[in-house]
Every structure is written in C-alpha cells, then in structure tokens.
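J.: Structure provided below as structure tokens; questions to follow.
The values are calculated or read from the model by the stated rules, or taken from the named source; none is laboratory data. Just so we're clear, the structure is a prediction, and the values are computed from it rather than from any experiment. No Cβ is skipped: glycine too gets one built from the backbone with ideal geometry, and neighbour counts run over all protein chains shown. Please note that ligands, DNA and RNA were not included when accessible areas were found on the heavy atoms of the full protein model with its side chains. Shrake-Rupley method; radii C 1.70, N 1.55, O 1.52, S 1.80 Å.
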Amino acid sequence: MIADLFGRKFYMASDTIGAWVMLTLTAILGIILITRAKKWPIIREYATTTHHRKIGVLYLLSATLFFMRAGIEALIIRIQLAFPDNNFWVFQGEKFNEAFTTHGTIMIFFVAMPLLIGLMNVAVPLQIGAQDMAFPYLNAVSFWLFLAGALLVNMSFFMTASPNAGWTLYAPLSTDTYTPSAGNDYYIFGIQVSGIGTILAAINMIVTIVRHRAPGMTLMKMPLFPWSTLITSFLILIAFPVLTIALYILMFDRFFGTSFFSGPEGDPIYWQHLFWIFGHPEVYIIILPAFGIFSDIISTFSKKRVFGYGSMVVALAIIGLLGFMVWVHHMFTVGLGALVNTFFAVTTMLIAVPTGIKIFNWLFTMRKGVIRFSTPMLFAAGFIPTFVMGGVTGVMLSAAAADLQYHDTYFVVAHFHYVIIGGTVLGAFAGIYYWFPKMFGITLNETLGKLHFWLFLIGFHITFFPQHFAGLNGMPRRVYTYTAEDNVFVFNFVSTLGAFLMGIGTAVFVWNIYKSFKKPQKAGDDPWNGRTLEWSVPSPAPEHPFENTPQVVSHDPVWEAKLHRDGELPKASESRTAPIDVVSWQPVMLGSLMLFFSLAFIYHVTWLQVTLGIAVLGFFVVRALTDEHTKKAKEDQAHDNV
Amino acid sequence: MTTYNQDLQGDKKLGFVLYLVGELVMFATLFATFFIFVQDAIDPTPTEVFEARTVIISSVFLLSSSGTIHFAEKAAEIQNRKGIAIWLAATVLLGLAFMGVEIHEFRTYYHEGFTLTQNIFLSSFYILVGLHAAHVLFGIGWMLLLAIQLNSIPSSIYGDKQKIFSYYWHFVDVIWIFIIVFVYAPYLI
Ligand code: HEM
Ligand SMILES: [Cu+2]
C-alpha cells in the first residue's frame, strides 16, 4: 500500500497495516472503556499532576506499555531465528534490522530508564522524609519530555520509517548516505527529547536528596536506594550531555551536510567513542538503582540491617567512577593498539571488585536473617545468581584478546541480557511489588506474583543461557538467519521456546495488576514490616505524606522506632519549606510541542519548524510569567499588606 | 516568610548550578570535537579564516556584560529598581552588540567561502561557536522577560530570578573565554 504525506511516499507492509488496525481498535476500545467507567477525571488528574507519586506511576505505566511493544518485537525476532533459513512473515533483511534496533532502543531508553526513574519518583522522597520532589513542576516536564521522545521512537514504525542502525547507531551506517530514510531521524529526535527530560529528572533527584532529607538523616544514615539514586543521577548528569552532543553532531551530518562521521575527512570511530563514553555509564545508570532496590528489599525481608552499609556506599561510588573509565571495552576490535586495550581491559576487570563486594554484602545480609520469601524477595533471590553469571561473562569479555573472538557474537547478547534483565528488570519487578502499596494502597496478588517470578526467571535462563553457546559457535549478533550447517540451530530453537515462557510470565504480571485492582486487597501502611521512612506514611502516599517531619536518629528509623519507641517516630522541632506543587497543563503541552517540533524536523517542513520553534520559546515566556513561586510571593505580599 | 524564600531559592540555585554542569559537559564535548578535527584542517586552515579584530571587539562586549550584570545584581540586593533597570539594559545592549559582531563575522566568513560544510574544522567551529551564540541570544530574551517583570513582581522574588539569570550569563561568558583561549588564540597569535 502507498500513501502520500508531506510530499513523501509511504509504503506500507502488511505488518504495519496490521499494527495500525490494532492501534485504532485499541484506541477506540480504550476511549469506550474510559468513558463507560467515567474515568476521564482521573486521566485529567494525572495529565496535570506534579505530584511525585503520580508522576512515578506515569513513568511505570508507560514503561510497561513500551515493555510490551519491545517484548513483542523480541518474540518476532526469536520466531525469525527459531529455524535455519527461516522466512517469518516480512521480518527478514531490512525489516529485521529495524526490529532489533527499535527493540534495543526502546528497552534501554523507554523501559529500563522509566522503570527506574518511576520507582525513584515513588519511593525516594518518601524514604528520605521529603514532602515531594524538590521541583514538582520540573518533574512533570521531565516526564512529558520523556514520553514525547518515547512516542517519537515508537511511532516511527507506524510511519514505516523505523530506525535501523542498531541502538548504538554506528556511523557511517547511521549517516544519510547509507540510511537516507527518516528512521534514524526518529531515533535522533526521540532520544534527544527524552534525554533532556532525563537530565532534568537527574537534577531534580540530586537537589531532592541533597536538600530535602528529614532532619537528622545524614548521608550515611540514608537508605541505599536513595544512595544509588544520587550516584546514578550524577552519572546521568555527566553521561547524557555527551549523548546530547553526539546526537547533535549526527543531526548536522544528516540534516545540514556536514561529514563529521563519514567521508574522507570524517571519522566514524569518533562516533563510537562519543557513544560509548555515554553508553557504558548508561549501563551503570540502569543497574545501580536496581542494586539500591535489592539492598533495601533484602534487608527488609531478612529482618536485618544491610551488611556492610559503608562498603555498599563506597562500592556504589567506585562503580560510578570506574564506569567512566572503561568505554573502550566496547571497541577492543577497532584496533586502538595494545596499550589502550590493556588499560581498558584492566579498568574493566577492576569493576568486578566493588560489584563482588556488593554481592557478598547481600549474601551476608541474608545470612542468619529471618528470611521471608514474599514476591519482592523472590526476585531479589533470583537476581543474585543470575547477575553473577552476567558479571562472569563480563569479566571474560574484558580480556581484550579473548574479546576479539566474542565481540559481536551472541555471547555478548547473552552477557548483556544477563546483567540487564537479571539486574535491572528483576530489580524493577521487585520494586514494583514492594512499593505497589505506596502507589495504590493495595498489594499485588502473591500467588500470581510467584507464578510470574518463576515463569519469567526460568524462561529467562532458557532463552539466554543457550545464546552463550550459539555465540561461541560463531553466530554473529544482528543477523536475520543462519544455515543448518552453522551448528547453532538447537541453541536458537531452545532460546525461542524460552522467550515465549518469558512472554507468558510477563502476561501473568499484567494479569496480576488487572486482578489486583478488580479484587483489591487493602494494604496497611506497613505491609512488609518495613524499616525505612516510607512505611511510616499512609498507603497510598498522600500529597503531603509527612504530617510531622520525623527526626531521624538512626539507620532504618522505622525499625528502630518499632523496637524502642512503640512505633512512634520522634518529631523534628523544625522543618524546611515544602516544594510547591501545582496543577498545570503546561508540562503536557510542552511535551506535545516538542513532539511536533521534532516531526517538523524529521520531515523537513521548514515553516513548521519555525512556527513550532517560536512556540517552544513562547513556552518559556508563559512559564516565567505564571510560575508558582511568583504567585506565592505575590499572595504573601498581598497578605502582608492587609 | 524569609525562610520560605531561602529554602526554595536554595533549591533553585543548586538545581541551576547542576544544570550548568550538564551544559559544561556538552560544551566540553564540542571543544573535544574541535580539537580533534582542527588538527588536519586544510583548505582553509584556521589561520586563513580567523580575524583578530572581530574577536577582540566581540569579546570586549561580551566580557564587559559580565560586569554590568554583576552591578544589576548588586542593585537588586539593595532593591534599587532604577539601578537594576539601567544595568540590565546595559547588559542587553552589550549582548546585542556581541551578537551583531558575531553575525557580521559569520557573514564575512560565509562570503569568503568558509561555510559550514567546507571542511570539518569549519563544521566543528560553527557548531561550537554557533551553540554559544544561541545561548547569548536566549540570554537576551531572558533579560527582556526579567525587564517585563521588574516592576510587576515582589522585589525579593525578582532578585531571586535575576540571580539565577546571572549564573547563566556568567557561565556563557566563561564558555566564551574558553572559546577565545582554545579556538581563536592559538591561530591568531
Ligand atoms: C562485571 C561487570 C561487567 C563487565 C566486566 C562487563 C564487560 C563488558 C564488555 C567487555 C562488553 C563488550 C563486549 C563486546 O562488545 O565485545 C560488554 C557489553 C555490554 N555490557 Fe557489560 N559488563 C559488565 C556489566 C554490565 C552491566 C551491569 C550492564 C548493564 C546493566 C552491562 C551491559 C552491557 C551491554 C548492554 C553490552 C553490549 C552493548 C552493545 O554492544 O550493544 N554490562 N560488557
Ligand atoms: Cu561497557
């Protein structure tokens, strides 16, 4: 099918038409259901909110949605690879490139990131005794920018212009000489817009943690999830701007005729450097928060203070620092020389040390603890061995000489799925089960939760364990098929089976959420017998969670209060001013503006670029003239004058 | 009421400084890009392109505007609205003068055939110095907004707003100094 739009021709393959039909039907169904259930006020409430818990929920909701999209893509990829010389539907050749590109991009930027930022939003302010994030309005802006970027990357498929150069967008393939279609422009603008949102979110987190802790909570009394959030935010603040500029430069190559990354003068290797200077810290950005979540969960469900708290903090910091010194391990095969490779091999191996310290501390926290295997703890227990395997293959890969063999094979694919799914995704699931009561006042069903865990974990290992061997047998990553003689059929076939098991596991998770809302099980304020401040406030957390600011005198203040003070937290004599939350349509408007502004660029519509560019600038004017601080100061002044 | 302002203003200051850290990383990346691609530049080389006179004039304008915004801040501290207005206006004018010279500079280069796509040295020059110029332009717009609000909002909150702006403006100036030192000077001296 061919359609004409913006002076360009759009060819539609059957899968795209199918997707449009599905999308339209889902949208109509959604509208009908929402109207029938009279839920529009709730949509409006969430669209205009600046409250940290609700924004956290929005992040988690979008992440779940995108998880399903990218998950379906994964299943399609696995079906195509299930048999040698397979021809599944239209997913060969270029279509396959598009599928793995959007799968990877969406999973990293629009699933892993928002899952973690969502949980941070929900839990961190409560854990440190803050009334809200430091900048509630900015928090909403961050979310809507994130969503605008995510929608851009996601809609590319519907416009038959998916990015197709891999999530690493390597040049020169990603320059307009080799991929002239709009696909990689969607990537550039989508990631750029959401990346700005992420940088703003990180700033917000840092200010919240540095300035909004309850009185008495020194940094070294802070729970480990806020700690990991703090360090992650610094990593974001340093790493994401590098990506911003990398994309900015690539944009010039693709739109304005420069040739930084290609041609006789340009340097494709420079793209790799820029990308991985961002990219390696990025993988720590998505793992450190998970470490924090597991630390808190393991401590709660072992009824013990986390073992080696100080060393946990130091390990987080060292991992964060070293994370900036290892990027060349993604480029061992480029030929930068023995000395460079050796240096980066050694720094990479060093990271295993603080990581190992953390693993042992978790084990020691559990040792002689009173362990309860509720669903969050199950995920934590599943995480430890899984992640260790990913770490071991990581160290194998870091041996530069050996990596010449592993590089760009399924061995690497297995490695990073072990660390990302074994770490980040299990961590996010654990966190969602753990903090669900604080989000909605109900607990998720435990039986379904356990079923979800087992299906997902077993499915995971069946999927990714064989991929190590496929890789060792020489199967390159990012190929759409192989022959029977390649000796990798069995591994691929088993892997595909496992993938479907993971899919079923995820379906159980979604079903669990649906069920739990249908038959709500009211959670008390403290369903898990918790230790940290979030369990001292009502479930779901109200707009102003702490009626009296608590005075923190120890680690695990809620636990200490249970032991020594009949559960009453000491009250602080003074407290700081709470941030001002507002209800505003502005953030969502800005997000939409940025989305259309990006589209105007992607499709080279100059007059729209100018108009929308002015509109975006106009947004700053509106914001400056309507901000809540000025309003409040005016009110105060009027009050004083009476 | 005073503590109210101090707490929230403190948040804003820290937040904005962190934002500038992010911007610093962005500019650092662009500087790195420039260093890498300037080395093998031929046809034209930087020495053939750069002109000391315009750089000196524009620098005088921009660097002195750091002084005028400082005086505007001092005036805000004693809530002297007239003083603020004068110094703010001076800063806007200096910013505009800088922009004028820079646009003139770019146009001259352009007419000499030194365009964005001529070679990568020029590309990396334009994307760096151009981004800086965009910051100056944004700052000018920001100052106009401040000017609008000067008489209509309580002076304490006005002072807070202007303080954040002056962080921004000083930052833009510091980046310019780096541009002089690392981009222009090595090829003009
Ligand atoms: C002990 C810790 C780790 C070590 C030593 C390590 C080592 C490595 C090495 C050497 C590579 C490059 C392999 C190649 O392309 O030839 C790699 C790839 C990768 N690692 Fe790790 N890693 C570790 C932990 C992690 C963690 C925690 C994550 C994410 C949560 C992660 C995510 C990735 C990803 C996404 C890639 C592939 C990127 C791509 O090419 O698309 N790694 N790792
Ligand atoms: Cu890495």
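J.: If you place +1 on the Cβ of every Lys and Arg and -1 on the Cβ of every Asp and Glu, how big does the dipole about the Cα centre of the protein assembly as shown come out, in debye to the nearest 20?
T.: The dipole of the protein assembly as shown has a size of about 2600 debye.
J.: Order B:78-85, A:290-297 from most to least packed using the mean count of other Cβ atoms within 10 Å. If you can, show how the numbers build up before the last one.
T.: On the way: B:78-85: 14.2, A:290-297: 29.1.
Final packing ranking: A:290-297, B:78-85.
J.: Cross-link partners among aspartates and glutamates for A:K571, C-alpha distance below 12 Å, same-chain residues fewer than 8 apart left out?
T.: Answer for A:K571, where 12 Å is the Cα cut-off: A:E547, listed by chain and number.
J.: What is the Cα coordinate range of the stretch B:1-102 on the first, second and third principal axes, sorted by size from largest, in whole angstrom?
T.: Taking the Cα atoms of the stretch B:1-102, the three principal extents are 62, 29, 14 Å.
J.: Count the lysine pairs in chain B whose Cα atoms lie under 17 Å apart, taking only pairs 8 or more positions apart in sequence or on different chains.
T.: Taking chain B as the scope, the lysine pair count is 9.
J.: Each residue of the stretch B:16-29 in order: what ³J(HN,Hα) in whole Hz does its phi give by Karplus 6.51 cos²θ - 1.76 cosθ + 1.60, θ = phi - 60°, with x for Gly and Pro?
T.: With the stated coefficients, the stretch B:16-29 comes to 6, 4, 4, 4, 5, 4, x, 5, 4, 4, 4, 5, 4, 5 Hz.
J.: Take the alpha carbon gyration tensor of the stretch B:63-189, find the square roots of its eigenvalues, order them as a ≥ b ≥ c, and report rounded if a/c is under 1.5; if not, report prolate when a/b exceeds b/c, else oblate.
T.: Prolate.
J.: Using a probe radius of 1.4 Å on protein heavy atoms only, what is the accessible area buried between chains B and A, both sides summed, to the nearest 100 Å²?
T.: Counting protein atoms only, the buried area is about 3700 Å².
J.: So what's the net charge close to A:P84: Lys and Arg +1, Asp and Glu -1, counting the other residues with Cβ under 13 Å from its Cβ?
T.: Net local charge, A:P84 excluded: -3.
J.: Quick query: amide H of A:K571 versus all other amide H atoms, modeled in the peptide plane; which residues come in under 5 Å with a sequence gap of 5 or more or a different chain?
T.: Amide H to amide H, under 5 Å and 5 or more residues apart or across chains, A:K571 pairs with A:Q551.
J.: Please sort A:319-327, A:610-618 by packing, taking for each peptide the average over its residues of neighbouring beta carbons within 10 angstrom, highest first.
T.: Peptide ranking by packing, descending: A:319-327, A:610-618.
J.: Given points 7 Å out from each Cα along the Cα-Cβ axis, report the B:Y110 to A:R372 separation in nanometres with one decimal.
T.: 6.9 nm
J.: Restricting things to Cα coordinates, could you compute the convex hull volume per residue of the stretch A:200-276 in Å³?
T.: Measuring per residue, one finds 92 Å³ for the Cα hull of the stretch A:200-276.
J.: Also, quick follow-up: Per residue, how much space in cubic angstrom lies within the convex hull of the C-alpha atoms of the stretch A:44-164?
T.: 101 Å³
J.: A further question follows. Among A:F158, A:G263, A:T483, which residue has its Cα positioned farthest towards the positive end of the charge dipole of chain A, with +1 placed on the Cβ of Lys and Arg, -1 on the Cβ of Asp and Glu, and the dipole taken about the Cα centre?
T.: A:F158
J.: Now a separate question. When only the heavy atoms of the protein chains count and the probe is 1.4 Å, how do A:T64, A:T393, A:T447, A:T626 rank by accessible area, highest first?
T.: Largest accessible area first, the list is A:T447, A:T626, A:T64, A:T393.
J.: Taking +1 at the Cβ of each Lys and Arg and -1 at the Cβ of each Asp and Glu, which of A:T49, A:A70, A:T102 sits farthest along the dipole of the stretch A:4-134 towards its positive end, judged by Cα position relative to the Cα centre?
T.: A:T49
J.: Moving to a separate point now. Can you give the relative contact order of chain A as a percent, counting alpha carbon pairs under 8 Å and 6+ residues apart?
T.: About 18 percent, as a whole number.
J.: Follow-up. Given N residues in the stretch A:287-347, what is its alpha carbon radius of gyration divided by 2.2 N^0.38 Å?
T.: Dividing the Cα Rg of the stretch A:287-347 by 2.2 N^0.38 Å gives 1.59.
J.: What number, rounded to the nearest 500 deg cm²/dmol, is the helix-based mean residue ellipticity at 222 nm of the protein assembly as shown, given -39500 (n - 2.57) per DSSP H run of at least four residues and division by all its residues?
T.: My calculation for the protein assembly as shown gives -24000 deg cm²/dmol from helical runs alone.
J.: Take the alpha carbon gyration tensor of the stretch A:201-359, find the square roots of its eigenvalues, order them as a ≥ b ≥ c, and report rounded if a/c is under 1.5; if not, report prolate when a/b exceeds b/c, else oblate.
T.: It is oblate, given that a/c is not under 1.5 and a/b is not larger than b/c.
J.: I've got another one for you. How big is the Rg/Rh ratio for chain A, C-alpha atoms only, Rh by Kirkwood, two decimals?
T.: Working: Rg = 24.6 Å, Rh = 25.7 Å.
Rounded to two decimals, Rg over Rh is 0.96.
J.: Using per-residue counts of other Cβ atoms within 10 Å, averaged over each peptide, order B:36-49, A:451-464, B:16-29 from highest down.
T.: Packing order, densest peptide first, comes out as A:451-464, B:16-29, B:36-49.
J.: Do you know which residues of the stretch A:548-588 lose at least 30 square angstrom of accessible area in the protein assembly compared with their chain on its own, with a 1.4 angstrom probe?
T.: A:R576, A:T577
J.: Ok, one more. Evaluate peptide A:99-107: per residue, the Cβ atoms of other protein chains within 10 Å of its Cβ; return the mean as an integer.
T.: Mean partner-chain Cβ count within 10 Å for A:99-107: 0.
J.: Go through A:I504, A:P570, A:S536 and say which Cα lies farthest out towards the positive end of the charge dipole of the stretch A:500-589; charges sit on Cβ, +1 for Lys and Arg, -1 for Asp and Glu.
T.: A:I504
J.: Next question. Looking at the square roots a ≥ b ≥ c of the eigenvalues of the Cα gyration tensor of the stretch A:497-633, which shape do they give, rounded for a/c under 1.5, prolate if a/b is larger than b/c, or oblate? The partial results should precede the final answer.
T.: Numbers: a/c = 3.36, a/b = 1.39, b/c = 2.42.
Cα axes put the stretch A:497-633 in the oblate bin.
J.: Size of the dipole of the stretch A:462-600 about the Cα centre, Lys and Arg at +1 and Asp and Glu at -1 on the beta carbon, nothing else charged, in debye to 20?
T.: The calculation lands at about 440 debye.
J.: Hey, can you grab everything whose amide H is under 5 Å from the amide H of A:F261? Only 5+ residues off in sequence or another chain; H modelled, so Pro and N-termini drop out.
T.: For A:F261, the qualifying residues are A:D267.
J.: Next question. What are the ³J(HN,Hα) couplings of the stretch A:37-52, residue after residue, when phi is run through the Karplus curve with 6.51, -1.76, 1.60 and θ = phi - 60°? Round to Hz, x for glycine and proline.
T.: 7, 6, 9, 4, x, 5, 4, 4, 4, 6, 5, 10, 6, 10, 7, 4
J.: So what's the stretch A:355-394 giving for Rg/Rh, alpha carbon basis, Kirkwood Rh from the mean inverse pair distance?
T.: 1.00
J.: Leaving out ligands and nucleic acids, and using a 1.4 Å probe, what accessible area per residue does the protein assembly as shown come to in Å²?
T.: On the way: 32870 Å² over 831 residues.
I get 40 Å² per residue for this part.
J.: Pull up all non-local amide H partners of A:I442: gap of 5 or more, or a different chain, and H-to-H distance under 5 Å with H placed in the peptide plane.
T.: Excluding prolines and chain starts, which carry no amide H, the hits are A:A523.
J.: Other chains near A:236-249: what is the mean number of their Cβ atoms within 10 Å of each residue's Cβ?
T.: 4
J.: Taking θ as phi - 60°, what are the ³J(HN,Hα) couplings along the stretch B:168-173 by the Karplus curve (6.51, -1.76, 1.60), each to the nearest whole Hz, with x for Gly and Pro?
T.: Using θ = phi - 60°, the values come out as 4, 5, 4, 4, 4, 5 Hz.
J.: Could I ask something else about it? I want to check the label-to-label distance for B:I78 and A:F517. Put each point 7 Å from Cα in the C-beta direction and report it in nm to one decimal.
T.: For B:I78 paired with A:F517, the spin-label model returns 6.1 nm.
J.: Work out, step by step, the length gained on full extension between A:D15 and A:V340: first 0.36 nm times the residue separation, then minus their alpha carbon distance; give nm to one decimal.
T.: Gain on extension, A:D15 to A:V340, equals 112.4 nm.
J.: Straight-line reach from A:K438: which lysines have a Cα under 19 Å away, not including same-chain ones fewer than 8 places off?
T.: Qualifying lysines at Cα under 19 Å: A:K54, A:K515, A:K518, A:K519, A:K522.
J.: A follow-up question, please. Need one value for B:140-150: mean number of C-beta atoms belonging to other chains within 10 Å of its residues' C-beta atoms.
T.: 2
J.: For the stretch A:84-238, what is the charge dipole size about the Cα centre, in debye to the nearest 20, if Lys and Arg each add +1 at the Cβ and Asp and Glu each add -1 at the Cβ?
T.: Once rounded to the nearest 20, the dipole reads 700 debye.
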